[in-house]
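Structure, as C-alpha cells:
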Amino acid sequence: MKWTGLVLFAGWLAAMAVNYGIYNESTDPAFISPFWDGIVFMLLMLGVYHLIWKSFMYKPSTASIQLAAGGALSLTAALLLL
C-alpha cells in the first residue's frame with residue numbers, strides 16, 4: 001500500500017509523456033506550461049498522499065479529518081470557480 005502513490009505518479013507521468021504533443025499544443029493558461037504544470041500538480045498530490053498516509057499510520061481519526069476537510073475545501077473551490 002505504501003507504493004501506491006509512487007505507482008500513480010509514474011502512471012501519470014507516463015500518460016503525460018505519451019500525450020506530450022497534445023499538452024505542447026494546448027493554448028490553455030498555465031503557470032509554466034501545461035505539461036510541466038501537470039507534473040508539478042501530480043507531485044503535489046503525491047505529497048498530500050504521503051502526508052495523509054503518515055497521519056493514518058499514526059492516528060487513523062486524524063487522517064479521516066484531513067480527508068474530510070480536504071474534500072470540503074476542494075468542493076468549495078470547485079463551486080467558487082464555476
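On the beta carbon distance between Val7 and Ala68, with R0 = 30 Å, the FRET formula returns roughly 0.75. Put the Cα centre of segment 19-59 next to the Cα centre of segment 64-82 and the gap is 17 Å.
The spread of Cα positions in the chain, taken along each principal axis and listed from longest to shortest, comes to 45, 33, 15 Å.
Give the relative contact order (percent, whole number) for the chain; include only Cα pairs under 8 Å separated by 6+ residues. Please report the intermediate quantities before stating the final value.
Values: 32 pairs, mean separation 19.1, N = 82.
It rounds to 23 percent for the chain.
Read-outs throughout are calculated quantities, based only on the coordinates presented, and are distinct from any laboratory measurement. Only a predicted model underlies this, so the values are computations on that prediction, with no experimental measurement involved. Cβ atoms come from the backbone with ideal geometry, glycine included; neighbour counts cover every protein chain shown.
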